[in-house]
Amino acid sequence: MTTAASIATPPPVAPTGDHHDLAIALFAVIVLVTLGITLWVGRRGSAAEDFYAGGRDFTPLQNGFALSGDYLSAASFLGVAGLIALYGYDGVLYSIGFLVAWLVVLMLVAELVRNAGRYTLADVLALRLRRRKVRAAAGGASVVVTLLYLVAQMVGAGSLVALLLGTNSASARTWTIVAVGGLMIVYVTVGGMRATTWIQIVKAFLLIAGSVLLTVLLMIHYHGDLFELMRQAARHSGAGRRYLEPGLKYGATSTSRLDFFSLGLALVLGTAGLPHILSRFYTVPTARAARRSTMWAIGLVGGFYLMAIALGLGATALVGSAEVRHANSAGNTAVPLLALVLGGGNGSTGGVVLFALISAIAFATILAVVAGLTLASSAAFAHDIWAGAFRGWSLRRRTGDGAPRAEEPDSDRQEIVVARIAAVGIGAAAIVISLFAQQLNVAFLVGLAFAVAASANLPVLLYTLFWRRFTARGAVWSVYGGLVPAIVLVTFSPVVSGTKVALFPGVDFHWFPLENPGIVSIPLGFLAGWIGTLTSPEPADSDRFAELEVRALTGAGAA
Amino acid sequence: MPQQQTSSPGQGQRFDWWAAPAATSAPAAGRPNPGTRSAAPRTDRTVPAQPVPPVPATAPTVPAAVPVPAAAPAGTADSTEVYRTVQASEAFQDIRRSHRSFVFPVSSAFLAWYLAYVAAQAAAPELMRTPVAGPLNVAWLLGLLQFASTFVLTWLYARNARTKRDRAALGLRWDTQDQLR
């Protein structure tokens, strides 16, 4: 097996300049189409309901596509397939957490959140715990999570687009980040949730269609023999049989194994706390529609990851691990390179077209995901933090009852203006942070965003929905008890200092051995909520819990 | 208020449209409490003129136990009482039980199964390397089983919700909203 690996490496397929012109043209088409959607759809109403929830009239199928569009970032499309191309089975292991996480969303969160909230995660908490500080804490955690995720996507976008366009210069990366940031601000401020949702739907459709196309071509190439695909991938991986066994990436030391367990925990619990996923459930009319859209999303995401596994193996089998690593050390160009080979190889028309097509889909993926994140972030800021701080009492009255007592279109309009301004501000902040964080590892940033979501958002959400005795103090403690340890542990982890690839490679003040804080901070979030509730001076308000339970399970009075 | 009136009938129609097949399977599933079903088959919004059957069964015991807290804003006392009454009703407790008795055990099971799978990479690497068929080893087999179990549990959850909860929950929703009016 090892002798075969050395002799059977396929010919090099390093991309040359000629196929980038078509890619640039397709990028321009994507930008024009998405801007067209934004302008066309954005005219259809600008009430709070339209801006935050897209008018709540999407069908389960549409929302299922939009959910998977929000979820399958470029990190999934290119990153997971790249990991599989480089590390074989360990890449598969990484992808599974992203899928299983949807069961948590489906069973514990989706329907109840749809019934109990209006626009954001904090709405659900506020229905029961009518305290300004609860809303502010949850809103703040949502902004932190989305900002981390946003920076991850934009850093990824910078290097990725530069790579796909064939330049690796620093200025190309910088301008890509600025352009992507500018576009996402336009999508969100002009189009709101309706335009963002349609962009997600288009993008998810393109992504699935592109993956199906490549997978079918790959299957034709191997005459449907998956075992032969696996064997040839192992032969061309340079690792032989070990390519198909666990341990190539995550198995070096017991610390790295524990780190992977921590990441796995964060992935499986984090999805249900991601604000941009939760706010998607408000775009459908009922809880049953929310359930059905989650089922569509599970089908699409699961199918996509199965195809990504095949494509990752295909990239190794047909391109070779060494070549993939040579093009990009993180393996991010594995799928475009595979497209080049499947289309007929470098220089052939088919190869050039397929490469440009897949690159354009990756670009559309980046644009759509950052738009969804910016929207969720600005909603959390305007609806939870700003409105909570400056409109506390009137807001309390409005969200309190099934039937809003007094409509306040003026302050609603004001809140939407604030949300649009916040989108500009958050977009600008994300651009600036991304420019400074270009050296950070994208996969790490995504893992961190999931860890913070699982530590700060999920415990408080589950306690609110299911625990009769939960109190406002428990909620505040739970949010900060998960958020603060997660941030502190990362600050003192090898990611920030003490290693060559750290944010500050020159100094060493790390004492926490793991890169992902999930295994410590997630239990701390649950523990803090529990202790906060037990030590609470006031008992739980059982009237409010009755209202929450009845509304969440039956849908009575749902927005 | 106007917003609610415009959205509710639409939701009713939407539900009936796709829940229609469930109507045949629900009796077969053998729901334990047929008393609640009198409210469930409602198809349009003209029916609420009827008295509300399921709730009064338990209502007499509850209102006495409802203290209206001084902190509650004036005017919400009525709705609080409605929610307390509905929460205590047999129909609602059935919905709550069928939700929790499915969701809690199944969630614990799939989380344990996923975490055990992740931990097995470190704990039992030799077992994971054992070949099964061709290039497939135990690790790949378990990974593919994670995909399969996710799809199967999704389907089981949807079936459980459709047959055990949906109709009763919709009936209770209209009842509750009638009382709140």
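Overview of results
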| item | result |
| --- | --- |
| Residue list for the stretch A:68-102, filter: at pLDDT below 90 and acidic (Asp, Glu) | A:ASP90 |
| Residue list for the stretch A:305-352, filter: in a loop (DSSP other than H, G, I, E, B) and of a type in the set (Val, Ile, Thr) | A:VAL319, A:THR333 |
| Condition check for A:PHE51: crowded, with 23+ Cβ neighbours inside 10 Å, within 19 Å of A:SER279 (Cα to Cα) and modelled with pLDDT under 90 | yes |
| Qualifying residue in the stretch A:232-244 (condition: of a type outside the set (D, E, K, R), farther than 30 Å from A:LEU340 by Cβ and more than 11 Å from chain B (Cβ to nearest Cβ)) | no |
| Conditions (1) more than 16 Å from A:HIS221 (Cβ to Cβ); (2) in contact (Cβ under 8 Å) with a residue 60 or more places away in the chain: number failed by A:LEU318 | (1) |
| Conditions (1) surrounded by fewer than 24 Cβ atoms within 10 Å (Cβ to Cβ); (2) in a loop (DSSP other than H, G, I, E, B); (3) within 14 Å of chain B (Cβ to nearest Cβ); number of the one not met by A:LEU108 | (2) |
| Inter-residue pairs, beta-carbon under 9 Å, first closer than 17 Å to A:TRP102 by Cβ and in the stretch A:69-82, second outside any helix (DSSP H, G or I) and not charged (D, E, K, R), 6+ apart | A:ASP70/A:LEU274; A:TYR71/A:LEU274; A:ALA75/A:ASN332 |
| Criterion violated by A:PRO285 - all others in (1) touching a residue at least 12 places away in the same chain (Cβ under 8 Å); (2) within 11 Å of chain B (Cβ to nearest Cβ); (3) within 30 Å of B:TYR114 (Cα to Cα) satisfied | (3) |
| Matching residues, the stretch A:479-507, being part of a loop (DSSP other than H, G, I, E, B), free of Cβ contacts under 8 Å to residues at least 24 places away in the same chain and under 25 Å from the mean Cα position of the chain (by Cα) | A:PHE492, A:PRO494, A:VAL496, A:ALA502 |
| Residues of the stretch B:133-159 satisfying the condition of being modelled with pLDDT of 85 or more, more than 7 Å from chain A (Cβ to nearest Cβ) and farther than 20 Å from B:ALA109 by Cα | B:LEU136, B:VAL138 |
| Qualifying residue in the stretch A:332-340 (condition: in contact (Cβ under 8 Å) with a residue 40 or more places away in the chain and surrounded by fewer than 23 Cβ atoms within 10 Å (Cβ to Cβ)) | no |
| Identity of the residue in the stretch A:386-434, touching a Leu at 6+ places or on another chain (Cβ under 7 Å) and within 14 Å of another protein chain (Cβ to nearest Cβ), that ends up modelled with the highest pLDDT | A:THR399 |
| Entirely in the stretch B:94-181, the helices (runs of 4 or more DSSP H) that have 1 or more residues that are of a type outside the set (Gly, Ala, Ser) and touching a strand residue (DSSP E or B) at 6+ places or on another chain (Cβ under 7 Å) | B:125-129, B:138-160 |
| Residue in the stretch A:508-519 that is in a helix (DSSP H, G or I) and either within 25 Å of the chain's Cα centre (by Cα) or surrounded by fewer than 19 Cβ atoms within 10 Å (Cβ to Cβ) (or both) present | yes |
| Output for the stretch A:57-93, where each listed residue is outside any helix (DSSP H, G or I) and more than 11 Å from chain B (Cβ to nearest Cβ) | A:PHE58, A:LEU72, A:SER73 |
| Residue match in the stretch A:256-264 (condition: away from chain B (no Cβ under 11 Å) and either crowded, with 24+ Cβ neighbours inside 10 Å or touching a residue at least 24 places away in the same chain (Cβ under 8 Å) (or both)) | no |
| Matching option when the condition is within 14 Å of chain B (Cβ to nearest Cβ) and under 30 Å from A:SER321 (Cβ atoms), among A:ILE177, A:ILE96 | A:ILE96 |
| Some residue of the stretch A:456-471 being over 26 Å from the mean Cα position of the chain (by Cα), among the polar types (S, T, N, Q) and either within 12 Å of chain B (Cβ to nearest Cβ) or not in a helix (DSSP H, G or I) (or both) | yes |
| When residues of the stretch B:160-181 are limited to those that are out of contact with any His (no Cβ under 9 Å at 6 or more places or on another chain) and among the basic types (Lys, Arg), the one nearest to the other protein chains (Cβ to nearest Cβ) | B:ARG173 |
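Conditions (1) surrounded by 14 or more Cβ atoms within 10 Å (Cβ to Cβ); (2) hydroxyl-bearing (Ser, Thr, Tyr), marked per residue:
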| residue | (1), (2) |
| --- | --- |
| B:SER108 | no, yes |
| B:TYR114 | yes, yes |
| B:ALA133 | no, no |
| B:PHE147 | yes, no |
| B:ALA158 | yes, no |
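One line per residue, one yes/no per condition, for (1) more than 9 Å from chain A (Cβ to nearest Cβ); (2) under 30 Å from A:ALA266 (Cα atoms); (3) hydrophobic (A, V, I, L, M, F, W, C):
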site	(1), (2), (3)
B:SER79	no, no, no
B:GLN93	yes, no, no
B:SER101	yes, yes, no
B:SER108	yes, yes, no
B:TRP113	no, yes, yes
B:GLN121	no, yes, no
B:ALA124	yes, yes, yes
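Residue-wise test of (1) within 10 Å of another protein chain (Cβ to nearest Cβ); (2) polar (S, T, N, Q); (3) surrounded by fewer than 22 Cβ atoms within 10 Å (Cβ to Cβ); (4) free of Cβ contacts under 8 Å to residues at least 40 places away in the same chain.
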{"position": "A:GLY181", "(1), (2), (3), (4)": "no, no, no, no"}
{"position": "A:VAL188", "(1), (2), (3), (4)": "no, no, no, no"}
{"position": "A:MET193", "(1), (2), (3), (4)": "no, no, no, no"}
{"position": "A:GLN200", "(1), (2), (3), (4)": "no, yes, no, no"}
{"position": "A:LYS203", "(1), (2), (3), (4)": "no, no, no, no"}
{"position": "A:SER211", "(1), (2), (3), (4)": "no, yes, no, no"}
{"position": "A:THR215", "(1), (2), (3), (4)": "no, yes, yes, no"}
{"position": "A:HIS223", "(1), (2), (3), (4)": "no, no, yes, yes"}
{"position": "A:GLY270", "(1), (2), (3), (4)": "no, no, no, no"}
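The values are calculated or read from the model by the stated rules, or taken from the named source; none is laboratory data. Keep in mind it's a predicted model, so treat the numbers as computed, not measured. Cβ coordinates were reconstructed from backbone atoms using ideal geometry, including for glycine residues, and neighbour counts include every protein chain displayed.
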